[in-house]
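K.L.:
My questions all concern the structure below.
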Amino acid sequence: MTTNSRKSEVLVMCPPPEQSGGVANYYSLVNRHFRSDAVNLHFFYTGSRSVASGGGRALQPLVDLIALRRTLPRHDLVVLNPSLDPKSLIRDGVYHLAARLTGMKTIVFFRGWSPRWEGIIDRYARGLFRRVFAADRLVVLCSRFGDCLAGWGFPPRAIVRETTTYEHHECEAANDPRRIIFLSRFARGKGCLTAIQAVERLLPRFPDVHLYMVGDGELRQELVDYVQSRGLAAQVEFTGWLSGEPKYRLLARCGIMLFPTDYGEGMPNALVEGMGMGIPIVSRPVAGIADIIADGENGFLIPSLDPADFADRVARLLEDPELWREMSQRNRRVGRERFSITSVVARLESLYLDLLRQERGCL
């Protein structure tokens, strides 16, 4: 139980910072920027440090659970970050039940969201899901996810919508719409090949466009082989993973972000990074993307997966400099106001304190 004489202790369960991915990157930024006179933030890293623990990957959840039970009593609030997939739901469901059984206040922040598993839960497991994840607050990255949780019986007042974030870097802005960027893991469903094929279709009309494929993953060699077989090596550049200043310097030079995803997205970090750097987004109305991109205002949302449709929207931006400029300025302004890490940590502190004050009966 917290008291007014000390700072509240909040425990965040998430992947370790060295792990690639949106959740690890999000909390690395939060850890670096979170400053509060009322809250101490602590991190409990799960999952990928099994070799160091000596238990092997199969035993890592049990090792984590034992360690969690020891550390829980020293905290006032626990924040979990599951995705809507079987492995994550089972693991974080067990952790959440452990926290609730000790009387902890909890926040469950749903990150990725699989439409397939949404359908399975909706049909077979609403009641079980509701009992396992009966948190004090449920945080979502998309209004539709919140509507889904309410439909499963969670109280609407407990559902909060948040965003992903980015760390603003002051780079000299030299955004050029002929420089196009794809920024993500090279995985099936992310639209990597679609982005390349869209640019391939643009080349006869716009021979000076250049696509930067920023990332890595299981499809890298397949993508490289396609580019070489189609004679696109001069127009499509694979940069590997970029982070920090190198990533933001490249974003400051690019003028259009292509993200033809059909993945179980939450709200991709890459998109808010691009927005903050003044880049119009060409993507699809998947999950939280539809909440941050307004079709025709700060980018384009394309229902189909046809590379020709993506090429068409990019061509509109290349042919209409004024439209591109308006989108760029709007994204730069909204990105900094809503998605910058300073804005996000302020909202997180408010979320934590509102819940902890209710515990103390201070409201």
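K.L.:
Projecting each Cα onto the charge dipole of segment 257-363 (Lys/Arg +1, Asp/Glu -1 at the beta carbon, about the Cα centre), which of ILE341, PRO285, ALA308 comes out farthest on the positive side?
P.N.:
Of ILE341, PRO285, ALA308, it is ILE341.
K.L.:
Right, something else. Kindly state, to the nearest 0.05, the FRET efficiency for SER304 paired with GLU167, given R0 = 41 Å and r defined as their beta-carbon distance. If you can, show how the numbers build up before the last one.
P.N.:
Values: r = 33 Å, r/R0 = 0.82.
The calculated FRET efficiency here is 0.75.
K.L.:
Suppose every Lys and Arg Cβ carries +1 and every Asp and Glu Cβ carries -1, with no other charges. What dipole size does the chain come out with about its Cα centre, to the nearest 20 debye? It would help to have the intermediate numbers written out before the result.
P.N.:
Details: 47 positive and 41 negative charges, 277 e Å.
Roughly 1320 debye, rounded to the nearest 20.
K.L.:
To one decimal place, what Kirkwood hydrodynamic radius in Å is obtained for segment 57-160 from all pairs of distinct Cα atoms?
P.N.:
Values: mean 1/r = 0.0708 Å⁻¹.
It works out to 14.1 Å.
K.L.:
Additional query: Give me the extension gain from ASN40 to ASP320: residue separation times 0.36 nm, minus the current Cα-Cα distance, reported in nm with one decimal. Walk me through the intermediate numbers first.
P.N.:
On the way: separation 280, 0.36 × 280 = 100.80 nm, distance 4.92 nm.
Using 0.36 nm per residue and subtracting the Cα-Cα distance, I get 95.9 nm.
K.L.:
Sticking with this structure for a sec: Compute the long axis of helix 220-229 from its Cα atoms, compare it with the longest principal axis of the Cα atoms of the chain, and write down the angle in degrees, 0 to 90, nearest 10.
P.N.:
Helix 220-229 sits at roughly 10 degrees to that axis.
K.L.:
Further, regarding this structure: Which whole-number percent gives the relative contact order of segment 224-363, counting Cα pairs below 8 Å spaced six or more residues apart?
P.N.:
Values: 143 pairs, mean separation 28.9, N = 140.
So the answer I get is 21 percent.
K.L.:
For the chain, report the accessible area per residue in Å² (1.4 Å probe, heavy atoms, rounded to an integer).
P.N.:
Numbers: 16010 Å² over 363 residues.
With all protein chains present, the chain gives 44 Å² per residue.
K.L.:
Enumerate the lysines that LYS190 could reach by cross-link, defined here as Cα to Cα under 22 Å, with residues fewer than 8 away along the same chain left out.
P.N.:
LYS87, LYS247
K.L.:
Let me ask another. Of ILE181, ALA234, PRO207, which is farthest towards the positive pole of the chain's charge dipole, taken about the Cα centre with +1 and -1 on the beta-carbons of Lys, Arg and Asp, Glu respectively?
P.N.:
My answer, from the dipole projection, is ILE181.
K.L.:
Once phi is turned into θ = phi - 60°, what whole-Hz ³J(HN,Hα) does the Karplus curve with 6.51, -1.76 and 1.60 give for every residue of segment 104-113, x standing for Gly and Pro?
P.N.:
Karplus values, whole Hz, x for Gly and Pro: 6, 6, 9, 10, 10, 9, 6, 9, x, 9.
K.L.:
If you don't mind, another one. Using only Cα atoms, find the angle between the long axis of helix 60-71 and the longest principal axis of the chain, and express it within 0 to 90 degrees, rounded to the nearest 10.
P.N.:
Once rounded, one gets 50 degrees.
K.L.:
When the accessible area of the chain is split by element with a 1.4 Å probe, what percent falls to carbon and sulfur?
P.N.:
Working: 8050 of 16010 Å².
About 50 percent, which is the carbon plus sulfur part of the accessible surface.
K.L.:
Whenever you get a sec, line up SER184, SER229 from highest to lowest accessible area (probe 1.4 Å, protein heavy atoms). Let's see the in-between values first.
P.N.:
On the way: SER184 15, SER229 90 Å².
Most to least solvent-accessible, the answer reads SER229, SER184.
K.L.:
What shape does segment 178-257 take by its C-alpha gyration tensor, where a ≥ b ≥ c are the square roots of the eigenvalues and a/c under 1.5 counts as rounded, a/b above b/c as prolate, and the rest as oblate?
P.N.:
The shape class here is oblate.
K.L.:
Using protein chains only and a probe of 1.4 angstrom, how many square angstrom of MET13 are accessible, to the nearest 10?
P.N.:
About 10 Å², ignoring ligands and nucleic acids.
K.L.:
While we're looking at this one, here's another question. Please list THR342, THR194 in order of solvent-accessible area, largest first, computed with a 1.4 Å probe with all protein chains present. Before the final figure, lay out each step's value.
P.N.:
Working: THR342 90, THR194 25 Å².
I get THR342, THR194, largest accessible area first.
K.L.:
Still on this model: If one puts a single equal scatterer on every Cα of segment 289-359 and applies the Debye formula without solvent, what log₁₀ I(q)/I(0) results at q = 0.11, 0.16, 0.17, 0.29 Å⁻¹?
P.N.:
Per q value, in the given order, log10 I(q)/I(0) is -0.44, -0.70, -0.75, -1.22.
K.L.:
Also, quick follow-up: So if each residue of separation counts as 0.36 nm, and I subtract the Cα-Cα distance between ASP176 and ARG144, what length gain in nm does that give? Working shown, then result.
P.N.:
On the way: separation 32, 0.36 × 32 = 11.52 nm, distance 3.39 nm.
Computed gain between ASP176 and ARG144 is 8.1 nm.
K.L.:
Please say if segment 241-363 is rounded, prolate or oblate, where rounded means a/c under 1.5 for a ≥ b ≥ c the square roots of the C-alpha gyration tensor eigenvalues, and otherwise the choice is prolate for a/b larger than b/c and oblate otherwise? Working shown, then result.
P.N.:
Numbers: a/c = 2.34, a/b = 1.89, b/c = 1.24.
Prolate, since a/c reaches 1.5 and a/b exceeds b/c.
K.L.:
A further question on this structure: Taking a quarter of the surface of the convex hull around the Cα atoms of segment 192-305, what do you get in nm²?
P.N.:
Values: hull surface 29.2 nm².
Computed as one quarter of the Cα hull surface, the answer is 7.3 nm².
K.L.:
What shape does the chain have by the C-alpha gyration tensor, where a ≥ b ≥ c are the square roots of the eigenvalues, rounded means a/c under 1.5, and otherwise prolate means a/b greater than b/c and oblate the rest? Write out the running numbers ahead of the final one.
P.N.:
Details: a/c = 1.94, a/b = 1.75, b/c = 1.11.
Verdict is prolate for the chain.
K.L.:
Next question. Based on the alpha carbons, how large is the Rg to Rh ratio for segment 251-293 when Rh follows Kirkwood? Working shown, then result.
P.N.:
Numbers: Rg = 9.8 Å, Rh = 10.4 Å.
Rounded to two decimals, Rg/Rh equals 0.94.
K.L.:
With a 10 Å cut-off between alpha carbons and a GNM built on the chain, which of VAL132, VAL344, VAL108 moves the most?
P.N.:
Ranking VAL132, VAL344, VAL108 by mean-square fluctuation puts VAL132 first.
The values are calculated or read from the model by the stated rules, or taken from the named source; none is laboratory data. A quick note: this is a predicted structure, and the numbers were derived from the prediction, not measured. We place every Cβ from the backbone using ideal geometry, glycine too, and count neighbours over all the protein chains shown. Keep in mind that these areas ignore ligands, DNA and RNA; they rest on the heavy atoms of the full protein, side chains included. Shrake-Rupley method; radii C 1.70, N 1.55, O 1.52, S 1.80 Å.
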